[in-house]
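Below is one structure, written out as structure tokens; the observations come after it.
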Amino acid sequence: MTDVSNATSIGSAPTGLSGAEAARRLAEVGPNDVPEHKAHPLAEFGRKFWGPSAWMIELIVLVSMFLHKWTDFWVGLGLLAINAILSWVQERRAAAAVSALRKQLQVTARVLRDGVWRAIPARELVPEDVIRVRTGDFTPADAAIANGSIKIDQSALTGESQLIAKRAADVIYSGSIVREGEATAEVSATGMGTYFGRTTHLVESARPKLHVEQVIGRVVRWLFGIVGILVAVTVGASLLQGVDILEILPLSLVLLMSAVPVALPAMFTVSMAVGSMELARSGVLVTRLSAAEDAANMDIVCADKTGTLTANRLSFAGAAPQPGYCDNDVLRAGAIASQEADQDPIDLAFIRAANERGALDHNTIVTSFKPFSPQTRRTEAVIEHDGARITIIKGALRTIASLAGLDATAIAALEADAIGQAHKGVRVLAVAQRAGDGPWAFLGLALFQDAPRPDSRKLIEELRALGVSVKMLTGDALPVAQAIATELGLGEIERRPTAPEGEEASDIRLARALDAADGLAEVFPEDKYKVVKSLQVVGRVVGMTGDGVNDAPALRQAEVGIAVSGATDIAKGAASVVLTAEGLGGIVELVKNGRAIYQRVLTWIINKVSRTVLKSGFVTIAFLATGKFAVSALSMILLVFMTDFVKISLATDRVRPSRQPETWNIGPLVRLGVVLGIVMLAEALALLAFGWRRFDLGASPGHLQTFAFETLLFFALFSVVSIRERRAFWRSRPSTVLGSAVAADAFVAILIARFGLGELSPIPWSEIALIVGVAAICCLGVNDAAKVFLPKLVGSAVWVRNDGTVISSRSTLNS
């Protein structure tokens, strides 16, 4: 992969390389592609064992080994493995989907080898290969034109939709598309030596923030804090009573197990995987699972104009007809003087608009057609209509106006109008016609622009309604950008902020500029990356849409990088979300889906915190009050399996996404969970006290442990049913998967209670019925009512909407 400076002189007859020489160079410089740096699958799998949640389980494994509790030891290792496998498999599936997508984008090239033209994969090109490019081709490498002339579309590289004329000795860049003409060229650079390839260095340096890891870390710290306090209280009380420290270690092990958020990483992964599959059905491919979660937090979208908000193709924007003529007269004449086979963007725009408006008379017969020539600066068509011969021309304003006999004053006025239109991003062509050999009649000016996508304005309105601001980024001049912004319903557009010479605009300066406006104009490609980083510095969660190579670094840096349909391969590889269907509607679906995932994970966190308080408090207080272990390590492991892992099914639950961006400020959620946990703890201890006296639980350790196990399990199950709904629990029905999981869990719990398991002794039906009944009444009655009012008492703003969604916006949860 290299750049070549000793190419043969341009203009000489290209001879091409021999097959042997090409093979030698390919071995020397490598293939003509951008290498993907992939971590080894085993390394990716190994990273699943590193992190706060994994550390907690690993600590339990070590303590179990020290105490020679081999059952607990092997179960702990099993939990680690299940966690890692679930997360790793889902991420591998997403990566496989992207790889499959990339394979569909293979490019072939026409190359002269051994004096024969042949088609080969573009990745086999080497410097000094002679290639042929023509209309519609994707330029496979940087190359210098030897002969011929073409017009190319470099919008994928520069973001601009204007066609660029290239002739002998000019360089064409890899990634550009030939829109008109043919040329023979000599390859000057391949792979990482191309403009396309060099951009990947910036892409690789981009490092998006991973909010999922931060959330897991905060949850683990809170749980450790809760359990740490209880362990300290227990150890202190035990030492005062003269209890040997080694006797307290099993209790510490049980408490640690109660706090481990075993299923939280799996819950995140499965929630996002399920959401990703839902999005795939809507034409949204999530290539980085965390993007679905980040979409819930996203509060700003930076949208590249060309190819994203606009269609990246010229369209007929109207006409400025001369007196006596109308728009359709200009459009009809211009369409007749166009030829679809040439694939010229202006000709295609004329023909497309004329067909849409029904402006063409199909009885018209074109008898001759002269394509555009740089010498005449016009196209010309001769037609037969109702027996009359009519000649129509279109082309450069001054050329057509002069032929039509307009005086200098009239031409100057038309040119002033054309300059005004150009400042708005509108291209102008003149159209004239004559009957027979009569005088030319100047019909007027046809106006063209890269128009906004039909759904762009609606997308912006819907995102705003969801609390997400939209900022347009474009390299266009300010007047052009402002004109497009007005069509899209955006407000003021500002120029890219500049700094004193020799300095760069600071992150704060860029962020403030975007706060004060709805977009930036005259933005260089590298500025998009800086804009995303500057917004992240001030605490924004950023989405970025784009389609070109120049957008790739910003797509990679953004928490939610969105490559639109038709984006370049490198843009899709850098993005975390790829829209596979035309249009931008998938972005709204992504936001709603992400917020639904947030609601599900939120339910899990509140459940986990409340149950940690319940389980650890129950074990500690029961031990201090009775001197007995009411819950053994085996019982706690069973509880972990039967509650935490069944709650993974929350990933499928029915939820209503909120109307505002979410935030993972979990402090208020933890406070709410703690209060709910304390309420359940008091209820569970009261039931244990009743059972201690009524059923003489102290007489048999197995009886006590079964009674305690069933109490904690059914309080946990019924609390899931309650907490999943922000209003009264009966206001919505859980998903089939969640309902089935809870029912299966309850069924297994009753079997264990009735027939026993290991150190858990069987208990009679009457005790089972008492436990189930009390847990149901407390969780679905008293606690269900309390959950609606508790947020106001603990200063949390969750659970206050009438539609049942959680409010956790920055304005309400910044405490």
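Annotation: per residue accessible area for region 422-577 equals 36 Å², rounded to a whole number [probe 1.4 Å, protein chains only]. What is the sum of charges around residue 185, taking Lys and Arg as +1, Asp and Glu as -1, for the other residues whose C-beta is under 12 Å from the C-beta of residue 185? That works out to -2.
Of the solvent-accessible surface of region 414-469, computed with a 1.4 Å probe over protein heavy atoms with every protein chain present, carbon and sulfur atoms account for 54 percent.
Annotation: lysines with alpha-carbon distance below 23 angstrom to residue 530 (same-chain offsets under eight excluded): 209, 305, 471, 572. Counting protein heavy atoms only, region 567-644 has 60 percent of its accessible area on carbon and sulfur, 1.4 angstrom probe. Taking amide H atoms as placed 1.01 Å from N in the peptide plane, the amide H of residue 113 lies under 5 Å from those of 118, each 5 or more residues away in sequence or on another chain. A Förster radius of 25 Å combined with the Cβ-Cβ distance from residue 235 to residue 759 puts the calculated FRET efficiency at roughly 0.55. By the rule of a C-alpha distance below 18 Å, with chain neighbours fewer than 8 residues away ignored, the lysines paired with residue 615 are 628, 647.
What a 1.4 Å probe finds exposed on region 678-776 is 70% carbon and sulfur by accessible area, rounded to a whole percent.
Solvent-accessible surface of region 651-761, taken per residue with a 1.4 Å probe and all protein chains present: 39 Å².
The values are calculated or read from the model by the stated rules, or taken from the named source; none is laboratory data. Since we're looking at a predicted model, the values are computed, not measured. Neighbour counts run over all protein chains shown; Cβ positions are idealised from the backbone, glycine included. Each accessible area value is taken on the protein alone, full model and side chains, heavy atoms only, with ligands, DNA and RNA left out. Shrake-Rupley method; radii C 1.70, N 1.55, O 1.52, S 1.80 Å.
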